[in-house]
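**Student:** What follows is a structure written as structure tokens; I'll ask about it next.
What follows is calculated from the coordinates using simple rules that are stated; it is not laboratory data. Just so it is clear, the model here is predicted, and its values are computed rather than measured. All Cβ positions, glycine included, derive from the backbone under ideal geometry; neighbour counts span all protein chains shown.
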Amino acid sequence: MLSKQFKKELLKTPRGTRDLLESDLVIFDEIKKRAEELARYYGYHKIQTPAFEHADLFLAALGDTTDMVEKQMYTFRSRGGDHLVLRPEKTVPTMRAYFEHGMQSEPQPVMVYSVGSCFRHESPQKGRFREFTQFDLDILGEDLAVADATTIRMFNLIFKEIKIDATLELNTIGDKECRPIYRKELVAYYRKHFNQLCKDCKRRYKENPLRLLDCKEPTCAELKQKAPQMIEYLCDECKKHFKSVLEFMDTLEISYRLNPYLVRGLDYYSRTVFEFIVTIPPENEKEPARRLEVGGGGRYDYLGDVLGGRHVPAVGGAFGVDRVAEVLRQSADLEEYKGQPPRVFLIQLGDAAKKKSLYLMEEFRKAKIPLSQSLSKDSIRGQLRIASKVGADFSLIIGQKEAMDGTVIIRDMDSGMQESLPFAKVIERLHSKLKSVPFSKRMPKAEFSEEDLNQL
Ligand code: AMP
């Protein structure tokens with residue numbers, strides 16, 4: 001016998017994961033559709049990499065001292081003994097695919113987009129899941145600032161298209177020339193304040209000092225206010241590159257905020273880094289407003305060297321579909337995401353009518369007339385009520401008599417007018433009716449009076 005507690009757990013998704021139901025998925029699908037349309041228009045091609053990869057791929061790319069590798073990766077041994085990992089992000093697999101498919105010999109740059117799940121063992125909280133969906137855009141094989149600007153512009157356009165108000169934050173983290181000098185300065189500064197650092201930052205100090213700037217702990221956040229800033233240590237080339245990115249932003253009228261503490265903790269990142277932030281108003285007076293990172297990315301010029309032994313300047317980023325959906329749910333009129341329910345409702349009464357209905361439904365599908373129905377119901381009143389609730393403009397009624405003589409009643413749900421037609425004529429008639437009647441507002445129709453129903 002399963003214990004009560006065990007049974008309860010058995011019927012729940014694992015922590016940090018959730019089922020997405022139709023009401024979530026219509027929003028998810030619409031977000032993906034709009035992003036995808038934009039990406040394709042601007043010349044990105046779709047790519048899909050596996051949900052799991054060799055663990056060594058990420059170990060090589062991310063280094064084994066990053067938070068992601070140390071704490072967040074779902075690694076496992078396959079039955080055959082392979083050491084695998086559920087992908088925590090998609091930049092590394094994208095670069096792997098670039099090499100694996102010889103994309104370096106195609107005309108450069110190679111522009112790709114992808115959408116799919118990523119997995120991180122983080123502590124779940126609002127907007128943070130252990131399985132989540134990322135939409136990625138990448139430009140590989142281009143070092144000019146125009147690629148950085150295009151990437152940022154794409155995310156800007158996508159958020160506009162989805163009607164999300166996201167603020168762009170920008171920074172540069174230099175390159176192999178200037179970053180080590182800055183790193184030294186940063187370490188020297190934090191050495192003086194080592195004892196004030198939180199436990200995680202004490203570790204980061206040794207392994208990845210740039211990440212110290214990322215810490216949200218109050219004392220660490222205060223310390224960073226006086227920390228040296230990368231911008232003062234940039235070499236001439238990085239300065240020129242960043243200036244050019246900012247000029248593009250001005251020309252494209254994309255407003256931004258320079259955030260000198262914005263970093264990407266991974267070594268393969270270089271130069272431009274960016275994030276898109278949405279401010280979520282507090283749910284009650286006690287809570288502060290929340291900063292939600294909906295998207296982010298940057299240049300990763302050194303990833304190609306690490307993985308393929310070849311320099312491939314590249315830039316890209318990702319937005320979180322789950323987070324964007326959450327923001328939309330809180331702020332937007334979701335009507336346009338819900339899609340229109342079918343305008344025609346099929347009502348059937350009795351066994352013979354059900355059989356005819358199933359046959360007719362297929363004819364309607366081929367004629368591209370969406371129908372909704374409630375095949376398990378048998379009463380005319382119940383079905384008419386549903387038809388009016390879903391806001392159908394027309395009902396098709398097949399009773400016993402209609403089933404016998406091969407006819408269908410078309411009922412105009414607004415006027416109550418009805419006409420009876422042979423099966424063969426219904427599709428043509430409905431097509432012209434749907435064309436002539438403007439799209440209803442999808443409001444539930446008026447309830448039926450007894451008199452109304454008795455007329456049927
Ligand atoms: P990152 O790869 O960390 O730069 O993340 C890119 C985007 O993915 C972020 O801006 C978020 O919108 C989203 N994201 C990252 N981690 C999570 C998570 N644990 N749950 C939901 N969304 C996430």
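**Student:** Have a look at segment 203-262 and give its Rg and Dmax from the Cα atoms, expressed in angstrom.
**Tutor:** 14.4, 42
**Student:** Here is a follow-up. Working from Cα positions, state the angle (0 to 90°, nearest 10) between the long axis of helix 236-251 and the longest principal axis of the chain.
**Tutor:** Relative to the chain, helix 236-251 is tipped by roughly 30 degrees.
**Student:** Could you list 87, 77, 211 in order of exposure, starting from the residue whose Cβ has the fewest other Cβ atoms within 10 Å?
**Tutor:** With the fewest neighbours first, 87, 77, 211 line up as 77, 211, 87.
**Student:** How many nm separate the modelled label positions at residue 163 and residue 310, each set 7 Å beyond the Cα in the direction of the Cβ?
**Tutor:** Label-label distance for residue 163 and residue 310, simple model: 4.5 nm.
**Student:** Using 7 Å Cα-to-Cβ label points, what is the residue 361/residue 122 separation (nm, one decimal)?
**Tutor:** Label at residue 361, label at residue 122, 4.2 nm between them.
**Student:** Are any of the pairs 176/240; 199/226; 163/433 more than 26 Å apart by Cα-Cα distance, and if so, which?
**Tutor:** Exceeds cut-off: 163/433.
**Student:** Work out, step by step, the length gained on full extension between residue 389 and residue 289: first 0.36 nm times the residue separation, then minus their alpha carbon distance; give nm to one decimal.
**Tutor:** So the chain would gain 32.2 nm between residue 389 and residue 289.
**Student:** What residues qualify as long-range amide H neighbours of residue 290, i.e. H under 5 Å apart, gap of 5 or more or another chain, H built at 1.01 Å from N?
**Tutor:** Answer set, sorted by chain and number: 280.
**Student:** To continue, here is another question. At a 10 Å Cβ-Cβ cut-off, how would you order 230, 68, fewest neighbours first?
**Tutor:** Ranked by crowding around the Cβ, least crowded first: 68, 230.
**Student:** Also, quick follow-up: Helix 22-41 versus the longest principal axis of the chain: what is the Cα-based angle in degrees, 0 to 90, to the nearest 10?
**Tutor:** 60
**Student:** Show me the trypsin sites (Lys or Arg not before Pro) within segment 119-155 that DSSP assigns to loop and that have at most 11 other Cβ atoms within 10 Å of their Cβ.
**Tutor:** 126
**Student:** Which angle from 0 to 90°, rounded to the nearest 10, does the C-alpha axis of helix 351-366 make with the longest principal axis of the chain?
**Tutor:** Helix 351-366 and the main axis of the chain meet at about 50 degrees.
**Student:** Next question, about the same structure. How large is the convex hull of the Cα atoms of segment 292-359 per residue, expressed in Å³ as a whole number?
**Tutor:** 222
**Student:** For a Förster distance of 25 Å, can you work out the FRET efficiency between the beta-carbons of residue 417 and residue 336, rounded to the nearest 0.05?
**Tutor:** 0.20
**Student:** Apply the a/c threshold of 1.5 to the C-alpha gyration tensor of segment 242-292 and tell me whether it is rounded, prolate or oblate.
**Tutor:** Numbers: a/c = 3.88, a/b = 1.65, b/c = 2.35.
Oblate shape, in that a/c is at least 1.5 and b/c is the bigger or equal ratio.
**Student:** Same structure, new question: At most 14 other Cβ atoms within 10 Å and a DSSP loop assignment: could you name the GluC sites (Glu not before Pro) in segment 157-221 that fit?
**Tutor:** Numbers: sites: 161, 169, 177, 185, 207; in loops: 177.
For GluC sites (Glu not before Pro) across segment 157-221 that sit outside H, G, I, E and B with at most 14 neighbouring Cβ atoms in 10 Å, the list reads 177.
**Student:** Counting pairs of alpha carbon atoms under 8 Å apart in space and at least six apart in sequence, what relative contact order in percent does the chain give?
**Tutor:** About 14 percent, as a whole number.
**Student:** Under 19 Å from the Cα of residue 8, which aspartates and glutamates turn up, not counting those fewer than eight places away in the same chain?
**Tutor:** Qualifying aspartates and glutamates at Cα under 19 Å: 19.
**Student:** Taking a ≥ b ≥ c as the square roots of the eigenvalues of the Cα gyration tensor of segment 145-304, is the shape rounded (a/c under 1.5), prolate (a/b larger than b/c) or oblate?
**Tutor:** Oblate is the answer for segment 145-304, as a/c is 1.5 or above yet b/c matches or exceeds a/b.
**Student:** Semi-axes of the equivalent ellipsoid for segment 344-451, please: Cα gyration tensor eigenvalues, times 5, square-rooted, ordered largest first, whole Å.
**Tutor:** Numbers: eigenvalues 75, 58, 31 Å².
Each semi-axis is the square root of five times an eigenvalue, giving 19, 17, 12 Å.
**Student:** Aspartates and glutamates near residue 355 by alpha-carbon distance under 20 Å, same-chain residues fewer than 8 away left out - which ones?
**Tutor:** Output for residue 355: 363, 378, 402, 405.
**Student:** Can you bin the chain into rounded, prolate or oblate? Criterion: square roots of the alpha carbon gyration tensor eigenvalues sorted a ≥ b ≥ c, rounded for a/c under 1.5, prolate for a/b above b/c, oblate for the rest.
**Tutor:** prolate
**Student:** Percent relative contact order of segment 300-421, based on C-alpha pairs within less than 8 angstrom and at least six residues apart? Write down the numbers at each step before the final one.
**Tutor:** Working: 150 pairs, mean separation 26.2, N = 122.
Computed value for segment 300-421: 21 percent relative contact order.
**Student:** Obtain the nm distance between the two label points defined at residue 199 and residue 101 by a simple spin-label model: each point lies 7 Å from its Cα along the Cα-to-C-beta direction.
**Tutor:** 4.4
**Student:** Could you tell me what percent of the DSSP beta bridges with both partners in segment 310-423 are antiparallel, to the nearest 5?
**Tutor:** 55
**Student:** Starting from 0.36 nm per residue, how many nanometres of slack lie between residue 225 and residue 56 once their C-alpha separation is accounted for? Each step should come with its number before you reach the end.
**Tutor:** Working: separation 169, 0.36 × 169 = 60.84 nm, distance 3.69 nm.
Going from the current span to full extension adds 57.1 nm.
**Student:** Can you find, among 358, 201, 227, the residue sitting farthest towards the positive end of the charge dipole of the chain, where Lys and Arg contribute +1 and Asp and Glu -1 at Cβ?
**Tutor:** Working it through, the farthest residue towards the positive pole turns out to be 201.
**Student:** Further, regarding this structure: Distance check, please: which entries in 7/33; 90/160; 338/435; 32/368 exceed 27 angstrom between their Cα atoms? Kindly include the intermediate steps, with their values, before the conclusion.
**Tutor:** Working: 7/33 38 Å; 90/160 24 Å; 338/435 22 Å; 32/368 24 Å.
Listed pairs above 27 Å: 7/33.
**Student:** Which ordering of 223, 157 is given by a fewest-first count of other beta-carbon atoms within 10 Å?
**Tutor:** 157, 223
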